[in-house]
Amino acid sequence: MHRLRTCAARLRPLTASQTVQSASQTRPAAAGAPRTFQHIRCYTAPVAAEPFLNGTSSNYVEEMYFAWLENPKSVHKSWNIFFRNANAGAPPGTAYQSPPPLGASLSGLSQAQALMGAQPNVEKLVEDHLAVQSLIRAYQIRGHHVAQLDPLGIMDADLDSCVPTDIITSSDKLGFYGLDESDLDKVFRLPTTTFIGGSESALPLREIIRRLEMAYCQHIGVEFMFINDLDQCQWIRQKFEKPGVMQFSLEEKRTLLARMVRSTRFEEFLQRKWSSEKRFGLEGSESLIPAMKTIIDKSSEAGVESVIMGMPHRGRLNVLANVIRKELEQIFCQFDSKLEAADEGSGDVKYHLGMYHRRINRVTERDITLSLMANPSHLEAVDPVVQGKTKAEQFYCGDTEGNRVMSLLLHGDAAFAGQGIVYETFHLSDLPSYTTHGTIHVVVNNQIGFTTDPRMARSSPYPTDVARVVNAPIFHVNADDPEAVMYVCNVAAEWRATFHKDVVVDLVSYRRNGHNEMDEPMFTQPLMYKQIKKQKPVLQKYAEKLIAEGVVTRQEYEEEIAKYDKICEEAHARSKDEKILHIKHWLDSPWPGFFTLDGQPKSMSCPSTGLTEEELSHIGKVASSVPVEDFTIHGGLTRVLKGRATMVQNRTVDWALGEYMAFGSLLKEGIHVRLSGQDVERGTFSHRHHVLHDQHVDKKICIPMNHVAPNQAPYTVCNSSLSEYGVLGFELGFAMASPNALILWEAQFGDFNNTAQCIIDQFISPGQAKWVRQNGIVLLLPHGMEGMGPEHSSARPERFLQMCNDDPDVFPTIPEDFAVHQLYDANWIVVNCSTPANFFHVLRRQILLPFRKPLIVFTPKSLLRLPEARSSFDDMISGTHFQRIILDQGPVSQNPSGVKRVVFCTGKVYYELVRERKNRGMEDSVAIIRIEQLSPFPFDLVKAETDKYAQADLVWCQEEHKNQGYYDYVKPRIRTTIARSRPVWYAGRGPAAAPATGNKKAHLLELERFLDTAFTLDAFDGHS
């Protein structure tokens, strides 16, 4: 547990935290080896059965066993023989074989001792060497628990004050290894699993312990021994164990000091000028800025040309100013209370905004693009968005290894441990269609949340423990040691460039102010903040260190401060000339050239989304074929493909084929299409089958969509991890990178979007208003009441419609191109298509529009195979468009004055209404009109229909419950359309808490009742 330490306690050689790890922890097994140490115990018990093991701690045997599993050559020959014999099933007492006599070979002795003419006891000599190997391994595994990580010196970074038993903090602990003080000056040969010797192969025990302390127990704590790749472990050992690795030139130290000056003085300048404004400053963690710049410098040196970053609000303004190098006047003008907003949108607070900037990296003299993604106060929500945008940039520039584009994520300690999106994002890191080939994570560890003590905020020792699930090394570092921070960040960047895997830097620091500059932290953390008030700022400490070393003079230091202060003052003066906030200065994902054509703004129109008959037939043939030789598909798929071929011959399409036509045509036109989600390759309802699997050869697949045309764009279809929050965020980020791509995410069932609600609420719905960031992502949400129970029935359309920005009480007055202008003004588009042709058109319209808006599609389930829900090629050929509403073309259209009722509806319920109308013989008296585009609402078309059927009752019919679905959205808009001259009646299920009943009989009874209501002409009181 945390505890306050006295000053005297802090003077002990080492402090620490955690008990010994379990002996049965699973390790990578050598061929034929027992899976855990427990399996070997039967060979070592009773110990008396093996004279070799007399007096040997079981911990020694355990450690040697684990070392042998990793590398049999890393242990002494006698241990190697013993474990091999034991593993082969040798009876207890016979596994050990004595080494050859002393005169026969010196291989079992320390060469240093042999040269001195010693004649030691062989068993004691072997035991002592094995003990030293165990000691080295203990520091490698658990040394981070005693590293001096907290700048305040009052808390244990791992929440545990216990010192591991096998870490040597005093000479009496040598007894744990069967050693004593007299062994400290003995020379021991070093194993191959350590680099503490440098060029020396043997060292005295005293020096071995000293070097281990220097490598693992100072201001850097390294967690890496859980990684199951020996080469990676050896790489990390080399970086931290070699003597003298953390050396910096005078120029590097001066650069580091200059960066610390900028980081610190920027915050002090803001505090002086706007002391009462929230800015979520970086005080206490100022070394973050040189940390980020070091990572970027090292990555640029390795060939990286673009870095996409995400971070919470703390320190964002400092990062914008001193890492991305945004103009200071643009930052300072944000504090002006008289600043007026431009017309681009509602905007957001300054510490949520992003930025995109291309500049020269002065260390490497190479161009580098830096993009900081805008992010709301949902701290970790930006993580998958950054990963998606990074993946997209890598994809579009052909960077298949992540050598040119990389991601850099900043986190807070409480959020990193507490928010599940961190775990979801980590689990995308090595998936083929989602990997960004390594992300560098920097955790700004303030050792506190808002006011919550870490002991109440997490169950893991460190906030970074979630990273262990993907074998990411974790480098803890004391943020008040800028050189240690710089070294760790260099290693992290090298790791990413070498292994293309994630890595975490845990920057253990503190928060000098409260949660914000107005907050009083003494209410809840009095002892911590008493110490913080006494704490000398890191810049002052580092400057004094360099002055003492003669690296800089005090005058040079003060001149550096004055120089940056002058830069800030001049920018502040210029900022007063800014009268209007142009949010376009804060774009994080610009699309140059997209919004203009030949230098002029694009026309606000949309061409026909239809295709020629030849194109439809060609794509249909591809969809019904296996364009790869020697490929065996499942027998059931043979029937599916034959069915598609028959439909093409008959000039009809079902839902799956309509989607195929839309995707294939866009690919042919050079538009990249990416479809992602759980089980999308086959489709949840086994209707899509975009990836064919050979029935005899593992991993042999065929994607016919990639064979539509010779020079087509690539089609990416990828099953995702079982994540909605993470994967939808990823696809949103992917869609940000380019407007010339159709990016779709499909929920396995529509209601699963609710676990991605944060992405929908914070990024998709308001994204353009907050950050002027258009996005054309498509959400496919299976929806429909099929009697399958409350789960998997409703995609919750009411939630999406509630977030639409059109006014229900105002009939739009748009002079021309009503449909397109409406779309341009909307925050997103919500549709519920009832025909494959309309689905085909709305997907193509996403790309042919002169702008981008998110598209929400409530897709069907039973309609996927309903014979009535098929479309003709005639509805998809050149000259056709998406139909915002589908009119009733039956007998009612010939005699509108005789129509007694108009039933408006959307989606699947239409087919049930048509069936019921036919059964009742009411084709002449009841018109059924489908509203396919719910938002923006088709006021103009609905008005035309209500005027046409001027004498008819108006009814809205839905299968969803009254407090759900579309009714509350549609009713006031229809009423506005008709100037409230007639009531709009409701036919559907009554209000309910759950989306649907779980009883099939009750479901059918509800259906019967609301259909009866829809067609009973005197069903509504006061109106007949």
| query | Of the numbered conditions (1) touching a Ser or Thr at 6+ places or on another chain (Cβ under 8 Å); (2) buried (at least 19 other Cβ atoms within 10 Å of the Cβ); (3) more than 23 Å from Thr425 (Cβ to Cβ), Glu786 satisfies every one except a single condition; which is it? | reply | (2)
| said: Against the definition (over 11 Å from Met309 (Cα atoms) and buried (at least 24 other Cβ atoms within 10 Å of the Cβ)), how does Gly402 come out, yes or no? | reply: no
| task | Identify all residues within segment 982-1024 that are under 21 Å from Arg901 (Cβ atoms), among the small types (Gly, Ala, Ser) and at pLDDT below 90; write none if there are none. | result | Ala1019, Gly1022, Ser1024
| remark: Condition set part of a helix (DSSP H, G or I) and buried (at least 16 other Cβ atoms within 10 Å of the Cβ), scope segment 878-913, selection farthest from the chain's Cα centre (by Cα): answer is Pro896
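Answer with yes or no whether Arg279 is buried (at least 16 other Cβ atoms within 10 Å of the Cβ), at pLDDT below 90 and of a type outside the set (Phe, Trp, Tyr).
Judged against the criteria, Arg279 is a match.
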| request: Sort out which residues of segment 820-854 are surrounded by fewer than 19 Cβ atoms within 10 Å (Cβ to Cβ) and either under 24 Å from Tyr910 (Cα atoms) or of a type in the set (D, E, K, R) (or both), and write them in order of number. | output: Asp825
| field | Residue satisfying all of: in segment 306-322; within 22 Å of the chain's Cα centre (by Cα) and over 15 Å from Thr439 (Cα atoms); surrounded by the most Cβ atoms within 10 Å (Cβ to Cβ) among these | value | Gly315
| task | Select from segment 168-184 the residues that are within 48 Å of the chain's Cα centre (by Cα) and among the hydrophobic types (A, V, I, L, M, F, W, C) and write down the one among them that is surrounded by the most Cβ atoms within 10 Å (Cβ to Cβ). | result | Ile168
| query | Yes or no: Ser720 surrounded by fewer than 23 Cβ atoms within 10 Å (Cβ to Cβ), farther than 16 Å from Val626 by Cα and assigned by TED's automatic domain parsing to the domain that holds Gly776? | reply | no
| request: State whether the residues of segment 621-644 include one that is within 30 Å of Gln883 (Cα to Cα), more than 32 Å from the chain's Cα centre (by Cα), among the basic types (Lys, Arg) and surrounded by 20 or more Cβ atoms within 10 Å (Cβ to Cβ). | output: yes
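From the list Asn478, Asn471, which residue is more than 21 Å from the chain's Cα centre (by Cα), within 26 Å of Lys501 (Cβ to Cβ) and of a type in the set (S, T, N, Q)?
On inspection, the qualifying residue turns out to be Asn478.
Please specify each residue of segment 434-463 satisfying the condition of being part of a loop (DSSP other than H, G, I, E, B), within 30 Å of Phe523 (Cβ to Cβ) and modelled with pLDDT of 95 or more.
Result: no residue meets the conditions.
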| request: Tell me, please, whether a residue that is touching a strand residue (DSSP E or B) at 6+ places or on another chain (Cβ under 9 Å), part of a helix (DSSP H, G or I) and under 26 Å from Pro592 (Cβ atoms) can be found in segment 749-772. | output: yes
| Does Gly750 satisfy the condition of being under 30 Å from Lys1001 (Cα atoms) and of a type outside the set (D, E, K, R)? | yes
| field | Filter pass, Arg468 being more than 30 Å from Glu558 (Cβ to Cβ), in contact with a Leu (Cβ under 8 Å, 6 or more places away or on another chain) and surrounded by fewer than 24 Cβ atoms within 10 Å (Cβ to Cβ) | value | no
| request: Report, by residue number, each residue of segment 972-991 that is in a loop (DSSP other than H, G, I, E, B) and of a type in the set (Val, Ile, Thr). | output: Ile978
| task | Quickly run through segment 864-879 and pick out the residues that are more than 11 Å from Met647 (Cβ to Cβ) and touching a Leu at 6+ places or on another chain (Cβ under 9 Å). | result | Ala869, Met876, Ile877, Ser878
| said: Show the residue pairs meeting these rules: Cβ distance below 8 Å; 6+ apart or different chains; first residue within segment 694-713 and more than 16 Å from Lys621 (Cβ to Cβ); second residue among the hydrophobic types (A, V, I, L, M, F, W, C) and assigned to a loop (DSSP other than H, G, I, E, B). | reply: Asp694/Phe631; Asp694/Ile633; Gln695/Ile633; Lys700/Phe631; Ile701/Val691; Ala713/Ile671
| Residue in segment 761-778 that is among the small types (Gly, Ala, Ser) and within 23 Å of Ser605 (Cβ to Cβ) present | yes
| query | Within segment 333-341, can one find any residue that is part of a loop (DSSP other than H, G, I, E, B), in contact with a strand residue (DSSP E or B) (Cβ under 9 Å, 6 or more places away or on another chain), closer than 26 Å to Phe248 by Cβ and modelled with pLDDT under 90? | reply | no
| field | Tally of residues being more than 24 Å from Phe450 (Cβ to Cβ) and touching a strand residue (DSSP E or B) at 6+ places or on another chain (Cβ under 8 Å) across segment 359-391 | value | 12
| field | Test result for Ala86, assigned to a helix (DSSP H, G or I), modelled with pLDDT under 75, more than 20 Å from Thr194 (Cβ to Cβ) and of a type outside the set (Asp, Glu) | value | yes
| request: Scan segment 856-877 residue by residue and report those that are crowded, with 24+ Cβ neighbours inside 10 Å, more than 18 Å from Tyr660 (Cβ to Cβ) and not aromatic (Phe, Trp, Tyr). | output: Ile856
| query | Of all residues in segment 406-433, which are part of a loop (DSSP other than H, G, I, E, B) and either surrounded by fewer than 24 Cβ atoms within 10 Å (Cβ to Cβ) or without any contact (Cβ under 8 Å) to a residue 40 or more places away in the chain (or both)? | reply | Gln419, His427, Ser429, Asp430, Leu431, Pro432, Ser433
| request: Specify which of the listed residues (Ala994, Ala1002) is assigned to a helix (DSSP H, G or I), of a type outside the set (Ser, Thr, Tyr) and over 19 Å from Thr946 (Cα atoms). | output: Ala1002
| request: Tally the residues that are of a type in the set (Gly, Ala, Ser), part of a loop (DSSP other than H, G, I, E, B) and modelled with pLDDT of 85 or more, restricting the search to segment 162-184. | output: 1
| query | From the set of residues in segment 536-588 that are surrounded by 18 or more Cβ atoms within 10 Å (Cβ to Cβ) and small (Gly, Ala, Ser), which is modelled with the lowest pLDDT? | reply | Ser575
| remark: Output for Cβ contacts, cut-off 7 Å, separation at least six or different chains, first residue in contact (Cβ under 8 Å) with a residue 24 or more places away in the chain and closer than 23 Å to Met214 by Cβ in segment 226-242, second basic (Lys, Arg) and crowded, with 17+ Cβ neighbours inside 10 Å, reads Phe226/Arg468
| query | Any residue in segment 395-417 that is under 17 Å from Gly677 (Cα atoms) and either among the charged types (D, E, K, R) or in the same structural domain as Leu159 (by TED's automatic domain parsing) (or both)? | reply | no
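The values are calculated or read from the model by the stated rules, or taken from the named source; none is laboratory data. Nothing here was measured: the structure is a model prediction, and the numbers come from that model. Cβ coordinates were reconstructed from backbone atoms using ideal geometry, including for glycine residues, and neighbour counts include every protein chain displayed.
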